[in-house]
Each structure stands twice: as C-alpha cells, then as structure tokens.
Amino acid sequence: MKAAQTNRKADPKTKDKIIDAAEVLFSGKGYYGTTTREITRQAGVPLGLMSYYFGTKADLYSEVIIRRSKEHVAAISASIKQAKAVRGEASPTAGDLVRAYFAPLVKRSLHSGPGWKAYIHLLSRAANTPRSEPYVGAFNETYASVNDEFIALLKEYFPDAAEEDIYWSFYFLSSAIIHILVESGSIDETSKNTLHSSDLETILDKMGPFFEAGISRLANGHKKGG
C-alpha cells in the first residue's frame, strides 16, 4: 500500500491534473467557493496529494495563476510593443492601443481551448478581488509589469495629460475588461438576447472607438500643471 502511494506521488502528470482541476473550479466558483476536496476529486487523485504537491490552497491558487502567466504576459507585451512600434510610423489612435492590450485576452479566451478559457475567467476573478487578499499576491505581482507597460504607452501617447487621468483611464478600461471577460450574460438579458456577452470579437471591435473617445477626452481635458 505504501509503495502504491509512493508511485502515485511520483507520477509527473499528477501535479498538472490537480492544477487543471483547480483552474476550472477556481474560475467557476472562486477561491472561497472551492474546496481542496472538490479539486482532488475532480483531478481523480487522493486528497493528501494536494498538500504534498502544493502545501495550502493559497499556494495551489498561486501555481494556477503562474503556470500560464509567462506565455500570456509575453503575448500581451508583444502586442503593446507592436502598437508602440506602429506609433512611430502611422500614429495609432487611443482605440488602437486599447485593442492591443485587450486583443490577446480575447484570442486566448476564444481560440486557445477550454483550459485557456478557464484561465482567462480566473484572471478576471482575480483582478476583481481586493488586493488585500493574500491569495491573489501572485496575480498582482505577475501581471503588474505588463499593466505598467501599457500605462507607460498611454503616458507616451498623451505626454501632456495629467498623470492622474492616465491612471483613471487605465482603471476604467481594466474595470470594463474584468467585467467583460466574466461573460456574465448581462447584455444578453438587457438586449432581450439580441446581443451576447460571449461575442468577444464584436466587443473588441466596439471597445476601441468607445475608449478612444473617453480616454482622449479625459487625457486632453486636464493638462500637466493645469
């Protein structure tokens, strides 16, 4: 019996099974709504292996966030850098910058499989969690750099804008994205099912012009030192 238990622990696929199960459950039920027993049951592994591989539920949550983060951050950063490079040639609009930031999330959610779909939903939950919650520390640290990169691009694009308005602009944009990526179905209900929160490609197309107007108006309305 002890040998069999050791063999299970040595299985290199077990850790990924637990992370896969946790990713789906955390994305759908949240951190506090998910138990370690549910995670291991869905993963098809003994309960004790969760603590063996990850320690605490908070540690597991961090592992789920981190596993896909390097690839995802790189994709967003590349999109931002491309927008920055184009700026020197064709002067993209603020809407183009918004699209550069949001498009990689839409692509992952729609075209990269159910694992990525769950991960994007999980990120929207994490982003909507108070920063004081210890379990979201990995999310805050992992995605801070790419958010700072986008904010720096906004500052470069609007060099005369008051810094506070750049931060407000990013706050409004990121808040909209957080809600959109949950795909709550709210627009389905209010539009009598003529529009759908799952139609992320259309949302992406609409967001550019919407935030083009809002960010430009806010950034140009209050100049530095004004």
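Read-outs: derived from the displayed coordinates by stated rules, not from any lab. It should be emphasised that the depicted structure is a prediction, and the values quoted were computed from it without experimental measurement. A quick note on method: Cβ atoms are made from the backbone with ideal geometry, for glycine too, and the neighbour counts reach across all protein chains shown.
Things worth noting here:
- Rounded to the nearest 20, the Cβ-based charge dipole of region 14-169 about its Cα centre (Lys and Arg +1, Asp and Glu -1) stands at 780 debye.
- Mean Cα-pair separation over length for region 70-140, i.e. relative contact order, pairs under 8 Å, 6 or more apart, %: 22 percent
- Peptides ranked, highest mean first, by Cβ atoms within 10 Å: ranges 39-48, 92-101: 92-101, 39-48
- Our coupling estimate for region 196-212, obtained by passing each phi through the Karplus curve with A = 6.51, B = -1.76, C = 1.60 and θ = phi - 60°, is 9, 5, 7, 7, 5, 5, 5, 4, 4, 5, 7, 5, x, x, 4, 7, 4 Hz, Gly and Pro reported as x.
- Estimated vicinal HN-Hα couplings, Hz - region 45-52 in sequence order (Karplus 6.51, -1.76, 1.60; Gly, Pro = x): 10, x, 4, x, 6, 5, 6, 4
- Entry for mean projected area of the Cα convex hull in nm² (calculated from the structure that is shown) out of (i) 14.5; (ii) 15.9; (iii) 10.6: (i)
- For region 68-221, with +1 on Lys and Arg beta carbons and -1 on Asp and Glu, the positive-most of Leu173, Pro159, Ser69 along the dipole: Ser69
- Cα gyration tensor shape of region 57-158, rounded if a/c is under 1.5, else prolate or oblate by comparing a/b with b/c: prolate
- Rounded to 0.05, the FRET efficiency of the Ala144 and Lys192 pair, given R0 = 35 Å and the Cβ-Cβ distance, is 0.30.
- Highest-fluctuation residue, Glu149, Glu164, Glu183 considered, GNM on the chain with Cα pairs under 10 Å: Glu164
- Entries in Lys15/Lys107; Lys155/Lys192; Lys84/Lys206 that, when Cα-Cα distance is taken, lie over 31 Å: Lys155/Lys192
- The mean sequence separation of alpha-carbon pairs under 8 Å and at least six residues apart, normalised by the residue count of region 68-221, gives a relative contact order of 32 percent.
- Computed over the chain, the per-residue total of -39500 (n - 2.57) for DSSP H runs of n ≥ 4 gives a 222 nm mean residue ellipticity of -25000 deg cm²/dmol, rounded to 500.
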